[in-house]
Amino acid sequence: MTTTNLAPTQNAEDVQITPHIIIVDDDEAMRVSLAQWLELSDFAVTVYEDAREALRDINPDFAGVILTDVKMPKLDGITFTRSVLAADPDIPIILMTGHGDVPMAVEAMKSGAYDFVEKPFEPKDIVESLERAIEKRRLVIENRNLRRQIASRGSLDSRLIGNSVPMRNLKDEIANIAPTEVPVLISGETGTGKELVARAIHDLSDRRDEKFVAVNCAAIPESTAESELFGHEKGAFTGAAGQRIGWIEHAIGGTLFLDEISSMPLALQAKLLRVIEQREVVRLGSNAPVKVDFRLICATNEDLVAAVAERTFREDLLFRINTFELSIAPLRERQDDVALLFDIFAERAAERFERPYERLTPLLIGQLRAHDWSGNVRELKNMAERYVLLVGSPEERFKRLFKGGFETATPQTSDLALADQVREFEERVIRDALDRHDGNVKSVMEELDIPRRTLNEKMKKLNIRRDKPV
């Protein structure tokens, strides 16, 4: 074995993978020439003459691609490929074949090999395939490291999945405010996970061993809302056959979560304000107040300041419930979380439905990131579950999933050829990314998850110029 650079160590906090290639070939001239060319192309290279030695050194943390000959003594390339994939089915393997070995290589690809190249070939001809394979491996390693973070950091990260800046900031705010007793107002669009955040606050508070009582104010009929919240005594109204403890009283000692608080009728808002101020509740049909002790968390998908201006929400109540406000960013502002969330939801669905799950290609991940996700995480979860249940290739499933609802990822002109559609999509995505990052190519590479060489080639092909140098 000749080693020019060892495989890089992965940092779970900041995944930066050096393009690394393992070459396995018993032909010394081929090993040397191929290694030299790939090093000139900015790859780290490790070469092996014997596939058995390579097999001993490869483990699931290997962050690169394997380039192996098919016909070798001691251990042939096909058997070697099967052994590697048995250890980690996500390691990309590219086979180098002679003309007569092509059928064998095709069968190997059906079993999980990434690609094959037919000899003789120019080393430069294989670079593009290697770059695609490296990118695929990078995404796999990144997701694995994020999962390790989730598993190692405790309940908050395991519940609120995401590593984007908005999600990291939200988790920090939750960890800061949870141990206090102050009322919290959670704002965010429908489907962003407001109840999940409320439960996380409860579970990190001193009340974690007591009840978490969730009430959807919009789901309670106005005619019974007062009884539902405050309770009633026997005979308080027609049909009140017995005493009933209301949701507020039921939450004593724990946390009361009022979702969609803006839907609460004004008359009840006044009574809720009194409960918050006096820390006591009076059941319908009773004159005896009951002392209540609870942590209050409210949530809204509407602008409560605007509701106050429109006189549909009490200003004094707003002052009481938003001592501390948490804002959840919509999914379209958390693009870095989309692929990880989809992967986790799809894997869970595959396990639940006992279906196979094939991970997405970088192109499909790009389409996920381009979607506007008006339904936020709830919509993404639904899409992931449907993806698992559909049949066909990943591309065919995506076409069915987003039919008529993927405007941001497909051109408007329906009669464009496929190549023109791909070109238009790529141009839009790259130009938008360059605009967001003021022409900083490094930032664009990180957002789009593509190597510098690939980005430069696409920009040249699409006649795209950046405004500012790197």
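The values are calculated or read from the model by the stated rules, or taken from the named source; none is laboratory data. Note that the structure is predicted; figures quoted are calculated from it, not measured. Note that each Cβ is placed from the backbone with ideal geometry, even for glycine, and that neighbours are counted across all protein chains shown. Accessible surface is based on the protein model in full, side chains and every heavy atom, while ligands, DNA and RNA are left aside. Shrake-Rupley method; radii C 1.70, N 1.55, O 1.52, S 1.80 Å.
Is it fair to say PHE62 is open to solvent by less than 60 Å² (accessible area, probe 1.4 Å) and either in contact (Cβ under 8 Å) with a residue 60 or more places away in the chain or assigned to a loop (DSSP other than H, G, I, E, B) (or both)?
Answer is yes for this residue.
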Worksheet item: Can you tell which of GLU210, GLU189, GLU195, GLU181 is open to solvent by 40 Å² or more (accessible area, probe 1.4 Å), in contact with a Lys or Arg (Cβ under 8 Å, 6 or more places away or on another chain) and charged (D, E, K, R)?
Response: GLU181
Worksheet entry | Complete set of residues in the stretch 338-370 that are more than 13 Å from the chain's Cα centre (by Cα), in contact (Cβ under 8 Å) with a residue 12 or more places away in the chain and more than 20 Å from PRO451 (Cβ to Cβ) | ALA349, ALA350, PHE353, ARG355, TYR357, GLU358
Practice prompt. Have a look at GLY404, GLY392 and point out the one that is modelled with pLDDT under 75, at positive phi and not aromatic (Phe, Trp, Tyr).
Written response: GLY404
Worksheet item: Of all residues in the stretch 371-387, which are assigned to a helix (DSSP H, G or I), surrounded by 17 or more Cβ atoms within 10 Å (Cβ to Cβ) and touching a residue at least 60 places away in the same chain (Cβ under 8 Å)?
Response: ASN376, VAL377, GLU379
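Restricted to the stretch 23-49, and to residues that are assigned to a helix (DSSP H, G or I) and in contact (Cβ under 8 Å) with a residue 24 or more places away in the chain, which residue is surrounded by the most Cβ atoms within 10 Å (Cβ to Cβ)?
Out of the qualifying residues, it is LEU38.
Can you pull out every residue in the stretch 232-246 that is at pLDDT below 90 and either among the small types (Gly, Ala, Ser) or within 31 Å of the chain's Cα centre (by Cα) (or both)?
Hits for the stretch 232-246 are GLY235, ALA236, GLY239, ALA240, ALA241, GLY242.
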Worksheet item: Which residues, counting only those in the stretch 306-316, are open to solvent by less than 80 Å² (accessible area, probe 1.4 Å), free of Cβ contacts under 8 Å to residues at least 40 places away in the same chain and either closer than 9 Å to LEU273 by Cα or out of contact with any helix residue (DSSP H, G or I) (no Cβ under 7 Å at 6 or more places or on another chain) (or both)?
Response: ALA306
Worksheet entry | Only listed residue being open to solvent by 10 Å² or more (accessible area, probe 1.4 Å) and in contact with a helix residue (DSSP H, G or I) (Cβ under 6 Å, 6 or more places away or on another chain), chosen from PHE319, PHE324 | PHE324
Discussion item. Condition first: part of a helix (DSSP H, G or I), on the phi < 0 side of the Ramachandran plot, buried (at least 18 other Cβ atoms within 10 Å of the Cβ) and modelled with pLDDT under 95. Can you find one or more residues in the stretch 282-289 that meet it?
Written reply: no
Worksheet, complete the sentence: Residue hits (the stretch 162-214; charged (D, E, K, R) and without any contact (Cβ under 8 Å) to a residue 60 or more places away in the chain) are ARG168, LYS171, ASP172, ARG199, ASP203, ASP206, ARG208, ASP209, GLU210, LYS211
Worksheet, complete the sentence: Checked against (1) assigned to a strand (DSSP E or B); (2) modelled with pLDDT of 90 or more, ILE91 satisfies every condition except (1)
Worksheet item: Looking only at residues in the stretch 86-115 that are open to solvent by 50 Å² or more (accessible area, probe 1.4 Å) and within 20 Å of ASP27 (Cβ to Cβ), which one is nearest to the chain's Cα centre (by Cα)?
Response: MET104
Practice prompt. Look through the stretch 327-349, keep the residues that are out of contact with any Lys or Arg (no Cβ under 9 Å at 6 or more places or on another chain) and at pLDDT 90 or above, and return whichever of them is farthest from GLU173 (Cα to Cα).
Written response: ARG332
